[in-house]
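One structure is given below, encoded as structure tokens.
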Amino acid sequence: MYVVLTGPPASGKSTLAAALAVELGLPLLAKDTLKRGLVDVLGAADLEASRTLGRAAVVALLAVAREARSGVLDSVWVDRARAVEQLTELGVDVEVHCRVGVPILRQRYAARAATKGPGHFDADRPESELWPPSALEPLAGGWPVLEVDTTGPVDVAARARDVIGIVASSPRS
């Protein structure tokens, strides 16, 4: 089973993805983990280098996902059309979309940017890159979508049951 997490930066994707992976007994495949490894080895001198490593991390994430044959995928999907194509090829079973308002995204992002290590340049990213209207919506690539309000705490066990129910009732299963 492949579960893909979507939503803009600071929407709670990584927190929810990690908890869902545990609850569902699936491997967590997280772009930020891969990117940190790339930054540690290759460095990222500026924002453009950071973006390049982010794209490389997504390619690596999808390659690992293909080999793993299941997992919870956590990433910001910047090239949405390409993401739909790649995730369709992978065989995504369900998309879990994290929904939260932009004012809260701003607060969370500012707090997170202050703690990120070198190579991320979060403070240099414009809001137009972080929260374009399209990023606030699910990818909706033809698979079922479960929207989750991540403004506050999430009942992870209930959302995991939702995922299992959606996958069980999907024509793909």
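Of note:
- Projected label distance in nm at Glu85 and Val22, using a 7 Å step from Cα toward the beta-carbon: 3.8
- When +1 charges are put on Lys and Arg Cβ atoms and -1 charges on Asp and Glu Cβ atoms, the dipole computed for segment 2-165 relative to its Cα centre reaches about 220 debye.
- Relative contact order %, segment 2-165, counting alpha carbon pairs below 8 Å whose residues are six or more apart: 38
- 10 Å Cβ shell holding at most 16 others, DSSP loop, trypsin sites (Lys or Arg not before Pro): longest site-free stretch of the chain: 1-68
- Whole-Å distance, taken between Cα centres, linking segment 128-173 and segment 1-80: 16
- Debye intensity ratio I(q)/I(0), log10, segment 83-173, q values 0.26 Å⁻¹ (C-alpha model): -1.25
- Cut-off under 5 Å, modelled amide H: who pairs with Glu147 long-range: His97
- Projecting the Cα atoms of Ser128, Ala57, Ala111 onto the charge dipole of segment 2-165 (Cβ charges, centred on the Cα centre) puts Ala111 farthest toward the positive pole.
- Per-residue [θ]222 nm for the chain (sum of -39500 (n - 2.57) over DSSP H runs n ≥ 4, rounded to 500): -16000 deg cm²/dmol
- Cut-off 20 Å, label 7 Å out along Cα→Cβ of Ser170, residues of segment 48-64 by amide N: 61-64
- Ordered from longest to shortest, the equivalent ellipsoid semi-axes for segment 2-165 are 24, 19, 15 Å, each the square root of 5 times a Cα gyration tensor eigenvalue.
FYI, it's all coordinate maths here, none of it is from the lab. None of the values given here were measured: they were computed from a predicted structure. Cβ coordinates were reconstructed from backbone atoms using ideal geometry, including for glycine residues, and neighbour counts include every protein chain displayed.
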